[in-house]
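The values are calculated or read from the model by the stated rules, or taken from the named source; none is laboratory data. Because the structure is a prediction, the values reported are computed rather than measured. Every residue, glycine as well, gets a Cβ built from its backbone with ideal geometry; the counts of neighbours run over all protein chains shown.
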């Protein structure tokens, strides 16, 4: 029992530390990459090649003044950034990042919690992320924040439907809701669900970006019309927490795409954990690439695209998958 | 240990449910309702019904309550719109209905339903997704499909009614 608790605690500490490190350095990676896309150089002054930039950012954010707007609901204002960060950190607890290793005579599964309804857990926790946004917008007592929050909640609800339906095809083929078993089903390259469910994959990726409020779906924080959307009134580390939540969600969507469609940690020669990280980082690069390339949607385009194109397509995908499985 | 967690969760659930109906501000009420629904989801987890618990979070906390909050914030209701209701008769009716409900619950606990014992012991059903699916799509297929048609009719009806007013 004691060793079990020790192993579980160690796994949580290690995964959480690596995850936070990736999240912190994503801000640096994104700025450097976007700079390259725009033929600039990007931050390169703090430390060698600018590698200490996240540390400098953290010090700056922590030492900034905490501002509470007049007539803001203080408790909710304080709770909102926490409520958007916590769900983003929880998702990693069910994602498998390797099969198992033997350390000091103990067989350790490389997943924090191998639960039977892993896929549903991911969706449940993702769906809670919208509360941080809604509460931030409402408690700030500012019209830009409120408009940003309204847009965001409408967008997240709309895309959550197609987001959930896009993976039904994968679940039908896999016959399980356990993420570990889904990965084990994709043992060879041709078994990857990206080849069996290409439409599901594309819908999932688009909806993942939209759920995440990233460009080209970053209407909730469209700076040209809404200042900064729901976090307009935030300063200091509370502002930083919204950013951490966004980057953490980027990592989460990439990790779940990898797990559901790209065979998770499976791959030849290299250790499973390395394969997992390679695939995740490939998706994070794609994310940043899309952000640097595509312009923002207009709001009515966003809504009609989600409801009139992605949703019917996702339903059609399930229908066709069902017919093929029946045959 | 389990009992302690249950007591805390039950207390959180009941207190936040009371706060839902006692708050003047409708946004705060809705947020307390989320706390109630969330603690109930954890109660389902404790009973071993993980599938039901996760669905509770996805459907109620994740979708329905977001829509509630969205509508409340969109209408931007003022505080004075939630003053005491002018129809005085409501209070008497509410009191009578509350007493009726309390008696009903007590009777159900005391006597039980025909064919069932009053307080069920620990369930032998695990509540796994496959079991829920079997009861929905095999045992109770027709009632389930009829309810889904009813919901579809309701959705179409709402759209028709809204179209007329514009």
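Conditions (1) modelled with pLDDT under 85; (2) buried (at least 16 other Cβ atoms within 10 Å of the Cβ); (3) in contact with a helix residue (DSSP H, G or I) (Cβ under 8 Å, 6 or more places away or on another chain), marked per residue:
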| position | (1), (2), (3) |
| --- | --- |
| A:59 | no, no, no |
| A:62 | no, no, yes |
| A:65 | yes, no, yes |
| A:83 | no, yes, yes |
| A:88 | no, yes, yes |
| A:140 | yes, yes, yes |
| A:145 | yes, yes, yes |
| A:153 | yes, yes, yes |
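Any residue in the stretch A:105-114 that is over 30 Å from residue A:174 (Cα atoms) and in a helix (DSSP H, G or I)?
no
Only one of (1) within 14 Å of chain B (Cβ to nearest Cβ); (2) modelled with pLDDT under 85; (3) under 21 Å from residue A:261 (Cβ atoms) fails for residue A:99. Which number is that?
(1)
Could you list, in sequence order, the residues of the stretch A:90-107 that are without any contact (Cβ under 8 Å) to a residue 60 or more places away in the chain and touching a helix residue (DSSP H, G or I) at 6+ places or on another chain (Cβ under 8 Å)?
Passing the criteria: only A:90.
Scan the helices (runs of 4 or more DSSP H) fully inside the stretch A:128-235 and keep the ones with 2 or more residues being away from chain B (no Cβ under 14 Å) and more than 24 Å from residue A:90 (Cα to Cα).
Qualifying helices (runs of 4 or more DSSP H): A:168-174, A:193-196, A:198-211, A:223-226.
Can you pull out every residue in the stretch B:108-136 that is part of a helix (DSSP H, G or I) and either closer than 21 Å to residue B:48 by Cα or modelled with pLDDT of 85 or more (or both)?
Residues satisfying the conditions are B:129, B:130, B:131, B:132, B:133, B:134, B:135, B:136.
Condition check ((1) at pLDDT 85 or above; (2) out of contact with any strand residue (DSSP E or B) (no Cβ under 8 Å at 6 or more places or on another chain); (3) crowded, with 22+ Cβ neighbours inside 10 Å; (4) under 23 Å from residue A:37 (Cβ atoms)) across all residues:
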position	(1), (2), (3), (4)
A:251	yes, yes, yes, yes
A:255	yes, yes, yes, no
A:265	no, yes, yes, no
A:285	yes, yes, no, yes
A:289	yes, yes, no, yes
A:296	no, yes, no, yes
A:303	yes, yes, no, no
A:312	yes, yes, no, no
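Residues in the stretch A:104-122: is at least one modelled with pLDDT of 85 or more, at the interface with chain B (Cβ under 9 Å from one of its Cβ atoms) and either crowded, with 19+ Cβ neighbours inside 10 Å or within 22 Å of residue A:262 (Cα to Cα) (or both)?
Just the residues of the stretch A:104-122 that are modelled with pLDDT of 85 or more, to begin with: A:119-122.
Among the residues that remain, those that are also at the interface with chain B (Cβ under 9 Å from one of its Cβ atoms) are: A:120-121.
With either crowded, with 19+ Cβ neighbours inside 10 Å or within 22 Å of residue A:262 (Cα to Cα) (or both) added as a condition, the list becomes A:120-121.
Yes, because at least one residue in the stretch A:104-122 is modelled with pLDDT of 85 or more, at the interface with chain B (Cβ under 9 Å from one of its Cβ atoms) and either crowded, with 19+ Cβ neighbours inside 10 Å or within 22 Å of residue A:262 (Cα to Cα) (or both).
So which of A:193, A:163 is in contact (Cβ under 8 Å) with a residue 60 or more places away in the chain and buried (at least 21 other Cβ atoms within 10 Å of the Cβ)?
A:193 is the lone residue from the list that is in contact (Cβ under 8 Å) with a residue 60 or more places away in the chain and buried (at least 21 other Cβ atoms within 10 Å of the Cβ).
Considering only the stretch B:38-49, how many residues are assigned to a helix (DSSP H, G or I) and more than 11 Å from every other protein chain (Cβ to nearest Cβ)?
Of the residues in that region, 6 qualify.
Looking at the structure I just gave you, is residue A:34 in contact with a helix residue (DSSP H, G or I) (Cβ under 6 Å, 6 or more places away or on another chain) and at pLDDT 85 or above?
Working: in contact with a helix residue (DSSP H, G or I) (Cβ under 6 Å, 6 or more places away or on another chain): yes; at pLDDT 85 or above: yes.
For residue A:34, the condition - in contact with a helix residue (DSSP H, G or I) (Cβ under 6 Å, 6 or more places away or on another chain) and at pLDDT 85 or above - is met.
Taking the stretch A:263-305, which residues are in a loop (DSSP other than H, G, I, E, B) and touching a residue at least 60 places away in the same chain (Cβ under 8 Å)?
Within the stretch A:263-305, A:263, A:264, A:265, A:266, A:271, A:294, A:295, A:296, A:297 qualify.
Let me confirm something: among B:69, B:77, B:52, which residue is within 14 Å of another protein chain (Cβ to nearest Cβ), outside any helix (DSSP H, G or I) and either modelled with pLDDT under 85 or surrounded by 15 or more Cβ atoms within 10 Å (Cβ to Cβ) (or both)?
After ruling out the rest, the residue left standing is B:77.
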